[in-house]
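Peer 1: For reference, the structure I am asking about is given below.
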Amino acid sequence: MKAARIKEKIIFTIFGLATALCVAAFATIAAILLSGLGTIKLEHLTKSALQGGYFEMIIGTLYLLVGSAGIAGPIGLLAAIYLVEYAPRGRLTRVIDQAINNLAGVPSIVIGLFGYTFFCRQLGLGISLAAGWLTLTLMMLPIVIRGSEEAIKMVPKSFQEAALALGAPKWKAITSITLPAAAPGIITSILLGIARVAGETAAILFTSCVLVTRGLPKSPLEPIMALAFNLYVKIVALGEAPERVFGIALILFMIVVIFAAAAITFRVYYRRRQLWLR
Amino acid sequence: MLKKLKETTIFLKSLRAEPLGAPAFICASSAIILLLLMLIFIVREGSQAFLNLGAELIIGAVWDTNAGRYGGLPLIYGSIIVVFVALAIAIPIGVASSIFISEILPHPLRDPIKSIIELLASIPSVIYGFIGLLFIAPRIASLFGLSTGTVALTASITLAIMSTPTIVGVAGETIAAVPKEYKEAALALGATRWQMIKGIVLPASKSGILASILLGFGRAIGETVAVLMVAGNTAIIPSPPWNILSPVYTLTAAIAMQMGEAAVGSLEYSALFGLGLILFIIAFIVNTLADVVVTREKAKIRGAG
């Protein structure tokens with residue numbers, strides 16, 4: 001009996017160390033990046049890239065995120081509504097489900113290849129912001145669908161049944177009862193989708209970015225600058241020392257962590273407030 | 001057949017009656033359409049390579065674009081060795097962490113630790129590559145006395161850090177889903193907590209853990225930017241083959257590095273899409289397997305309950 005207790009202690013300690021290692025990995029990465037804080041000046045954030053600043057890269061990244069969230073958000077939400085509220089049990093639903101899982105698993109570089117041949121060339125969008133939106137939509141969609149599905153499923157059936165009993169048609173019950181109750185979860189899923197694609201490089205590599213533009217793009221059909229792309233090209237193609245691109249890495253890291261942390265906090269906060277989830 | 005047709009008409013009618021039904025249906029089915037489009041276009045662009053190179057694209061031992069040789073074997077081998085070493089590190093750490101977080105860690109600490117691991121998962125791959133180059137590669141170089149730290153092992157370590165959160169997330173979910181009654185029954189019989197975990201929790205969640213490993217594998221083999229920044233990118237099969245201190249070139253890296261230079265319509269361009277198709281198929285198999293494992297388990301639980 002005593003031996004079993006000691007064995008347990010040892011095993012749990014090892015497991016605890018594994019967890020500590022994960023936490024330490026995050027802390028180390030954050031510490032390395034934050035140590036670069038001194039290398040960027042606040043004025044660089046609003047200065048053009050032609051003068052050594054980051055302005056077009058930051059705005060370009062935000063343009064990409066807002067646009068793809070604007071496309072993937074509504075489509076993903078509608079798809080989730082279908083899967084939870086309308087889909088009959090059967091072969092087709094099963095296939096849709098598997099297609100979503102598979103879409104989530106397609107490597108981003110393959111999505112980039114497809115984006116290039118389909119959006120840039122077949123649809124004639126060229127290397128452009130719009131092509132980037134559509135390509136990133138492919139990556140964001142599964143995250144939004146799965147997250148929203150989860151959120152809608154969490155709303156107790158009785159809420160909707162009450163509305164239906166009062167004579168509301170189903171769509172009305174969904175839009176006025178279910179969706180408001182699921183809204184925090186849906187917003188979380190969109191924020192997570194944004195965090196996922198904010199630093200995406202492989203998918204925009206050949207679809208929407210260039211190293212330098214003159215000012216901001218004037219239309220969605222123009223190429224853009226983005227933080228992730230610039231960081232990648234400067235290190236890999238131009239062979240710049242990592243120390244010299246610290247600023248870009250740090251800003252990108254902060255944007256991604258802000259979106260991801262917002263999503264996680266939002267979820268934790270609302271789980272506590274939504275009493276029916278307890 | 002007739003019954004099926006009738007069911008379909010009823011289904012379509014029910015969608016028509018609801019203004020939300022049809023658009024929702026179209027959006028959900030778009031996943032199938034997008035996946036098919038992706039397959040069609042990648043096959044179309046890669047067809048020239050399949051016709052001209054045939055099996056060479058998979059089993060040819062020389063990848064040298066200057067010499068016009070497009071043998072994919074060194075790339076496939078590079079991808080596999082990097083991923084296997086990465087998973088050899090990530091699986092034990094990931095599974096141990098997920099057990100620790102959902103079974104051992106005191107309740108108030110669970111959410112914060114889970115959140116940190118989720119944040120780790122959200123860090124973009126280009127940042128992992130940057131950290132790998134700045135922090136891991138120099139240490140590997142000095143530890144093993146190498147002239148350069150950009151070798152397979154560095155890529156594996158970077159990749160291990162990236163795939164651990166995926167494994168922790170998916171495995172943690174299934175471990176947390178093991179019914180409380182099972183665990184309490186074991187504890188009531190006098191089992192220690194470790195005996196309870198080993199005898200009840202792990203067997204009950206083994207398919208979820210398997211699915212998490214499969215998904216981790218899929219994520220790792222498709223990882224591009226982080227790997228290419230630290231793997232050295234030399235299209236050779238290391239000698240001896242298990243030498244992880246040799247630079248390697250992966251499928252994903254070859255596509256990312258060479259797409260920019262390959263002229264549209266050239267054999268090189270087509271060969272890169274061929275590599276893309278290989279990756280697409282690997283990802284498809286892995287995800288479908290994970291799907292089957294999870295679905296079967298769900299059916300079993302439903303049958304038991």
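Every number here is computed from the coordinates shown, using simple stated rules; none is lab data. Keep in mind the model is a prediction, meaning the values are calculated, not measured. Positions of Cβ are backbone-derived with ideal geometry, glycine not excepted, and every protein chain shown enters the neighbour counts.
Peer 1: Could you look through region A:1-19, keep only residues that are within 9 Å of chain B (Cβ to nearest Cβ) and aliphatic (A, V, I, L, M), and pick out the one that is nearest to B:Ile167 (Cα to Cα)?
Peer 2: A:Ala18
Peer 1: Something else: Of everything in region B:269-290 that's over 18 Å from A:Gly115 (Cα atoms) and in contact (Cβ under 8 Å) with a residue 24 or more places away in the chain, which residue is farthest from the other protein chains (Cβ to nearest Cβ)?
Peer 2: Out of the qualifying residues, it is B:Leu289.
Peer 1: May I ask you to verify whether B:Leu289 is within 20 Å of B:Glu56 (Cβ to Cβ) and in a helix (DSSP H, G or I)? Can you show your working first?
Peer 2: On the way: within 20 Å of B:Glu56 (Cβ to Cβ): no; in a helix (DSSP H, G or I): yes.
In short, no.
Peer 1: With the requirement that a residue be touching a residue at least 60 places away in the same chain (Cβ under 8 Å) and in a helix (DSSP H, G or I), what does region A:99-127 give you? Before the answer, list the steps.
Peer 2: Step one: filter region A:99-127 for residues touching a residue at least 60 places away in the same chain (Cβ under 8 Å), giving A:107-109, A:111-113, A:115-116, A:119-120, A:125-127.
Across region A:99-127, the qualifying residues are A:Ser108, A:Ile109, A:Ile111, A:Gly112, A:Leu113, A:Gly115, A:Tyr116, A:Phe119, A:Cys120.
Peer 1: Between B:Ile99, B:Ile116, which is touching a residue at least 60 places away in the same chain (Cβ under 8 Å), closer than 22 Å to B:Gly216 by Cβ and within 8 Å of chain A (Cβ to nearest Cβ)? Walk me through how you get there before you give the answer.
Peer 2: Details: B:Ile116 fails: touching a residue at least 60 places away in the same chain (Cβ under 8 Å).
Just a single option satisfies the conditions, and that option is B:Ile99.
Peer 1: Any residue at all in region B:229-236 that's touching a residue at least 12 places away in the same chain (Cβ under 8 Å), in a helix (DSSP H, G or I) and either of a type outside the set (Asp, Glu) or under 19 Å from B:Ile140 (Cβ atoms) (or both)? Please lay out each step first, then the result.
Peer 2: Residues of region B:229-236 touching a residue at least 12 places away in the same chain (Cβ under 8 Å): B:229-236.
Filter once more, keeping what is in a helix (DSSP H, G or I): B:229-230.
Filter again for either of a type outside the set (Asp, Glu) or under 19 Å from B:Ile140 (Cβ atoms) (or both), leaving B:229-230.
Taking every residue of region B:229-236 in turn, at least one turns out to be touching a residue at least 12 places away in the same chain (Cβ under 8 Å), in a helix (DSSP H, G or I) and either of a type outside the set (Asp, Glu) or under 19 Å from B:Ile140 (Cβ atoms) (or both).
Peer 1: Right, another one. When region A:232-256 is examined, which residues are found to be facing chain B (nearest Cβ under 7 Å), β-branched (Val, Ile, Thr) and without any contact (Cβ under 8 Å) to a residue 40 or more places away in the chain? Lay out the reasoning, then the answer.
Peer 2: Of region A:232-256, the ones facing chain B (nearest Cβ under 7 Å) are A:232, A:235-236, A:242, A:249, A:252-253, A:256.
Among the residues that remain, those that are also β-branched (Val, Ile, Thr) are: A:235-236, A:256.
Those that are facing chain B (nearest Cβ under 7 Å), β-branched (Val, Ile, Thr) and without any contact (Cβ under 8 Å) to a residue 40 or more places away in the chain: A:Ile235, A:Val236.
Peer 1: Would you confirm whether or not region B:36-45 contains a residue that is touching a strand residue (DSSP E or B) at 6+ places or on another chain (Cβ under 8 Å) and surrounded by 17 or more Cβ atoms within 10 Å (Cβ to Cβ)?
Peer 2: Of the residues in region B:36-45, the ones touching a strand residue (DSSP E or B) at 6+ places or on another chain (Cβ under 8 Å) are none.
For region B:36-45, residues touching a strand residue (DSSP E or B) at 6+ places or on another chain (Cβ under 8 Å) and surrounded by 17 or more Cβ atoms within 10 Å (Cβ to Cβ): absent.
Peer 1: Just checking, how many residues over region B:199-225 are at the interface with another protein chain (Cβ under 9 Å from one of its Cβ atoms) and either in a helix (DSSP H, G or I) or more than 18 Å from the chain's Cα centre (by Cα) (or both)? Show your work before the answer.
Peer 2: Of the residues in region B:199-225, the ones at the interface with another protein chain (Cβ under 9 Å from one of its Cβ atoms) are B:215, B:218-219, B:221-225.
With either in a helix (DSSP H, G or I) or more than 18 Å from the chain's Cα centre (by Cα) (or both) added as a condition, the list becomes B:215, B:218-219, B:221, B:225.
Final tally of qualifying residues: 5.
Peer 1: How many of the residues making up region B:245-258 are crowded, with 20+ Cβ neighbours inside 10 Å and part of a loop (DSSP other than H, G, I, E, B)?
Peer 2: Adding up the residues that qualify gives 4.
Peer 1: For region A:203-213, enumerate the residues that are in a loop (DSSP other than H, G, I, E, B) and either in contact (Cβ under 8 Å) with a residue 24 or more places away in the chain or surrounded by 15 or more Cβ atoms within 10 Å (Cβ to Cβ) (or both).
Peer 2: As a first pass, look at region A:203-213 and keep what is in a loop (DSSP other than H, G, I, E, B): A:203-208, A:210-213.
Listed by number, the residues that qualify are A:Ala203, A:Ile204, A:Leu205, A:Phe206, A:Thr207, A:Ser208, A:Val210, A:Val212, A:Thr213.
Peer 1: Now a separate question. Can you find a residue in region B:96-106 that is among the charged types (D, E, K, R) and surrounded by 15 or more Cβ atoms within 10 Å (Cβ to Cβ)? Don't jump to the end; show me each part of the working.
Peer 2: Pass one, region B:96-106, residues among the charged types (D, E, K, R): B:103.
With surrounded by 15 or more Cβ atoms within 10 Å (Cβ to Cβ) added as a condition, the list becomes B:103.
Yes, that holds for at least one residue.
Peer 1: Quick one: is B:Glu56 among the acidic types (Asp, Glu), surrounded by 13 or more Cβ atoms within 10 Å (Cβ to Cβ) and either in contact with a Cys (Cβ under 8 Å, 6 or more places away or on another chain) or at the interface with chain A (Cβ under 10 Å from one of its Cβ atoms) (or both)?
Peer 2: Details: among the acidic types (Asp, Glu): yes; surrounded by 13 or more Cβ atoms within 10 Å (Cβ to Cβ): yes; either in contact with a Cys (Cβ under 8 Å, 6 or more places away or on another chain) or at the interface with chain A (Cβ under 10 Å from one of its Cβ atoms) (or both): no.
Answer is no for this residue.
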